[in-house]
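Written out below as structure tokens is the structure these notes cover.
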Amino acid sequence: MSKPGSRFTKGSLCWLMVLFLLFSAHSAFCGTAPQGTARSDQKTHYDEMVVTGTRSMQPLADVPVDTVLISREEIERSSAGNLPQLLRGVPGLSATNLDNTMSADNLPLTMRGLQLNEGYGLVLVNGQRVHGGLGAHGDYGVSLNQVPLAMIERVEIVKGASSALYGAEAMAGVINIITRRVPDMAEGAVGLDFGIYDVMPRKGRTVEDSTRRRHREYASFGSPLLQSSGLLVHLSRETDEGAGQSPRNTTRESVMTRWNTDFNDNLSVSLGGDFSRSRRETTRDVTTERYDREIDESRIHSVMRYEDLSQTWTISGYVVNQEFVQGYPGFAHGYRFGDIGYNQVESVYTWHGHYRNFTIGAEAQRQSMDYMVHNFNDDGALDSEIRVDRDIDTYAVFLQDEMFLRDGLVTLVPGIRYEDHDTFGDEFNPKLSAAIHPNDETTWRMSVGRAFKSPTIRQLYYDDMYRHDDFFFRSNPDLSPEKAVNYNLSVEREFPDGNFRARLGGFRTDIKDKVVRFDTGEEESIGDAEKPIISYRNVDKARIEGIELSFRSGSRTGFTLRGSGAWTRAKDRDSGHDLPYVPEFTASIVPGYITQTGITGIEIDFTAIGSQYRDVDNENKMDAHRIVDLRLWRALTARMTASVHVGNIFESHKGEEDYASRAGRSVGLSIKGKL
């Protein structure tokens, strides 16, 4: 909770930035310069434009914050079956120890040393917050596996503190999943992916039916309608048998729709509805219940956009609701069922000048929770019930000034966000970013920003204790939000022939008031047993620092080579322990070849991952390991492509032979066609 007198302890910096931005606003709105920047003659193709880092569309080469773009072309040529797999080659993201199955536990996913599932990284779909999803760990978690890959147009990853624009949960960065757009002309698409894979046993345990199957199908159609409107409908179904000790089907069925109307050259409205149904079967020794995961999700969203040469104004809103069931009656890890959702409205106005873009925005958000938790004793009898019924309201205003100095050779972007959280009160989060272009081939980027993170639902909002197998967990309503300062410095160079680009960067994040679990020394009776009580407190400080490298060589045909690497040190400064699920290094090399006709291609992905710990006490260590994947594709006709992919060729246990069964070698065939 907020402490008296603590709200404005950072006031000097915050208020200086507020005054600076207000002065900038006055200068901007009193100016009469035409729209456009001095560097507007740079590459501006849509595939190289990004919006997440500054909330204004600009070329990837010019954006002043560390941003990675994964295009639709890269998605189609990847052998990944879900987004976590697709992101494993991004330096600073650790997703390599996840299996390529839909319900793979996202708990090990980290971004710059911080766990996404614990709320340290903000996951968006089309700029809108999401919650839960397949692979999310617990009722408080968030998964990257929110949208089928076939519906994703592009993914933008912004690394580093982003609370100045996005508020809480953006401490490590932002991952924005941008879905397919309504097409300019009538078109359809269908796809089929079928594969088999082995599951390798953990040490000392066998695996039942080790050969598993997966398949994915989708169909979509989009077309202009009437004089100025368009519609897109996408249907998909995905199924696999998991990587557990016994097979259990996980299925997701989804319908995604988009409608767009252009009223004139300046004003447009977009509407969308996304609906999905996900189910995971229980293990075979559970005969009373068919599923232990049930998720029904709906997302309704709309955007009104006005744009002319000097200004852009958007008003948007969305409603996300997730009905979920986790576990089943008698399950020792708890039985949870109910609803969690987001409601948000937002208005963002940007004035475009010749030497600056000035943005002001406001948003109101409500996160709603209404669900039950049932605790069972060791005999499977109901012992107690917990009701979680809470609305969390957040209101925010943010300002940002993008200044293009010295004929566009320098971009300076100060920004600040004021947020009123109904649990923690006022938060100010300033950020200053800069990009320097000493020549047409080189870009330096640097930033410093403050971020904060509210505790998770389970850490803060439960009114009673929740059983998790051999422990009880108790919330702490007196927790303070975690706060951090993040520093970034990187240099990117594209060589004159345009066939080689490389980026090298470093970062550091200092966190205080970190929330940690601790054994209270108390016990709670349940049936005839006594279980220890675990709770949470603000005690630790943490420092995460690292170096990241990425490069890409080659053109659309011929030999290509891309790669990435990262070294990360993530320490709990009070205990001296490493933070969990942070490998000491990751490295990826992906050579490929595309024929001169462009109809056949091959890529081989060599990935190496350093050792890491599974727990905060550093008692369980995952060994270093290597993974090799291969993908071959060929255009059968002008409108049909087939591909063969072989994953985990040498059957790596991904460092977890002692702890978990893992997916081994996989072989898959995909066929995609355009209608």
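For the reader, a short list of remarks on this structure follows.
- Residues considered: Phe337, Phe376, Phe398. Of these, the only one that is in contact (Cβ under 8 Å) with a residue 24 or more places away in the chain and farther than 20 Å from Asp292 by Cα is Phe398.
- Test result for Ala136, more than 19 Å from Asn488 (Cα to Cα), more than 11 Å from the chain's Cα centre (by Cα) and in a loop (DSSP other than H, G, I, E, B): yes
- Meets criteria (modelled with pLDDT of 90 or more and aromatic (Phe, Trp, Tyr)) for Phe331: no
- For segment 64-89, filtered to residues that are of a type in the set (Val, Ile, Thr) and within 21 Å of Gly601 (Cβ to Cβ), the residue that is farthest from the chain's Cα centre (by Cα) is Ile75.
- Residues being over 18 Å from Val233 (Cβ atoms) and either more than 27 Å from the chain's Cα centre (by Cα) or β-branched (Val, Ile, Thr) (or both) - total across segment 179-206: 10
- Residues being surrounded by fewer than 16 Cβ atoms within 10 Å (Cβ to Cβ) and either among the acidic types (Asp, Glu) or closer than 13 Å to Thr96 by Cα (or both) - total across segment 607-627: 7
Matching residues to (1) out of contact with any helix residue (DSSP H, G or I) (no Cβ under 8 Å at 6 or more places or on another chain); (2) polar (S, T, N, Q); (3) at pLDDT 90 or above:
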residue	(1), (2), (3)
Gly81	no, no, no
Asn106	no, yes, no
Met111	yes, no, yes
Gly119	yes, no, no
Gly138	no, no, no
Leu144	no, no, no
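- Any chance Ser652 is polar (S, T, N, Q) and part of a strand (DSSP E or B): no
- Identity of the residue in segment 349-390, aromatic (Phe, Trp, Tyr) and within 32 Å of the chain's Cα centre (by Cα), that ends up surrounded by the fewest Cβ atoms within 10 Å (Cβ to Cβ): Tyr349
- Only a single criterion out of (1) surrounded by fewer than 22 Cβ atoms within 10 Å (Cβ to Cβ); (2) under 29 Å from Lys512 (Cα atoms); (3) among the polar types (S, T, N, Q) is not satisfied by Thr442, namely (2).
The values are calculated or read from the model by the stated rules, or taken from the named source; none is laboratory data. For clarity, every value in this text was computed on a predicted model and none was experimentally measured. All Cβ positions, even for glycine, are placed from backbone atoms using ideal geometry, and neighbour counts span all protein chains on display.
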